[in-house]
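Quick note: the coordinates plus some simple rules give every number you see, no bench work behind them. Computed from a predicted model, the values in this text were never measured in an experiment. No Cβ is skipped: glycine too gets one built from the backbone with ideal geometry, and neighbour counts run over all protein chains shown.
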Amino acid sequence: MYQPIKFSNGTWVGTPQADWETQQKADYEAYIKAHPEEAPKPSADQQALAQLALVVAQNKTDQDKANAQLLLATATSQINGGTK
């Protein structure tokens, strides 16, 4: 049963679900329209931390790439001339 609910002639009577959902959506949209809220702005510290996180991620990617190239070069060297 959905609100409003009332007691009538010995039984509880409620609003149909579709009507209740429609009213809920309308109430929510009216509230949002009357009380708009902007997205929060990050502080200078948060922006700096985000920038540092990007730098760290890029450095890790670059280091992983360099390690893979070094490993490939080492393996190629061992295959080509490592055993005589």
**Request:** For the chain, find the longest principal axis of its Cα atoms and tell me its angle to the long axis of helix 44-81, 0 to 90°, nearest 10.
**Result:** 40
**Fill in**
Placing +1 on each Lys and Arg Cβ and -1 on each Asp and Glu Cβ in the chain, then taking the dipole about the Cα centre, the residue among Tyr2, Leu70, Gln17 whose Cα reaches farthest towards the positive end is Leu70
**Message:** Contact order normalised by length for the chain, with contacts defined as Cα pairs under 8 Å and 6 or more residues apart; what percent is it?
**Reply:** 14
**Message:** So for the chain, considering every pair of alpha-carbon atoms, how many percent are separated by more than 20 Å?
**Reply:** 72
**Prompt:** Can you give the angle from 0 to 90° between the axis of helix 17-34 and the longest principal axis of the chain, with both taken from C-alpha atoms, to the nearest 10?
**Reply:** 70
**Asked** Any idea what the alpha-carbon Rg over 2.2 N^0.38 Å comes to for segment 39-84?
**Response** 2.10
**Request:** Give the peptides 34-45, 15-26 in descending order of average Cβ contacts within 10 Å, highest first.
**Result:** 15-26, 34-45
**Prompt:** To the nearest 20 debye, what charge dipole does the chain have about its Cα centre, counting +1 at the Cβ of each Lys and Arg and -1 at the Cβ of each Asp and Glu?
**Reply:** 440
